[in-house]
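Below you'll find the structure, written out as structure tokens, and then a few comments.
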């Protein structure tokens, strides 16, 4: 998923400069994993396509420690392009998860490390879920305007996603732990059987 349309939508909501837009993108779509550099790439592409333009510059300030920052605003073509994208059907996203692939391809010797990775991701997801719930609760007691309501709806979608993810991780960890225990027991039983077999043969002599 490209940051292009997300950045264009933010510029249409309110003009801003690159760093400011990167902060707003992270606040609005933190779970999407957009890199700050992706904002600047998106702005370059949008500018080349005449979908955004410079609306002036913000000065470097008295200290002159930074270059002036270009403030971007949407063009009429940009608004039309965004509206067309908004009305296009959205396909179901493909599932390309690194952890899913590791689980699908793992071997018994990988289980201890895989159990650690699943548990670690479970904690990260729980932290993200708590942050989202806190932000949603704060938003529900503040502005009830249209953008605020849509942000709440998007946040609820993220909460549902993280809840489902955490449930899957917990189930996966429990199953992997069970499989690891069974594998360890089978290995111990195999070693015992291997030691016992020669002894039994000696007794038969």
Of all residues making up the range 7-43, the number that are farther than 16 Å from residue 71 by Cα and either in the same structural domain as residue 152 (by TED's automatic domain parsing) or not in a helix (DSSP H, G or I) (or both): 3
Qualifying residue in the range 29-37 (condition: surrounded by 14 or more Cβ atoms within 10 Å (Cβ to Cβ), without any contact (Cβ under 8 Å) to a residue 60 or more places away in the chain and in contact with a strand residue (DSSP E or B) (Cβ under 9 Å, 6 or more places away or on another chain)): no
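Residues are listed down the side, and each one gets a yes or a no for (1) at positive phi; (2) without any contact (Cβ under 8 Å) to a residue 24 or more places away in the chain; (3) over 22 Å from the mean Cα position of the chain (by Cα):
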| position | (1), (2), (3) |
| --- | --- |
| 106 | no, yes, yes |
| 123 | no, yes, no |
| 133 | no, no, no |
| 145 | no, yes, yes |
| 148 | no, yes, no |
The range 70-129: number of residues that are in a loop (DSSP other than H, G, I, E, B) and loosely packed, with under 13 Cβ neighbours inside 10 Å: 11
Residue in the range 1-34 that is farthest from the chain's Cα centre (by Cα), counting only those that are modelled with pLDDT under 85 and farther than 19 Å from residue 86 by Cα: 27
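The values are calculated or read from the model by the stated rules, or taken from the named source; none is laboratory data. Not measured: the values here are computed from a predicted model. Cβ coordinates were reconstructed from backbone atoms using ideal geometry, including for glycine residues, and neighbour counts include every protein chain displayed.
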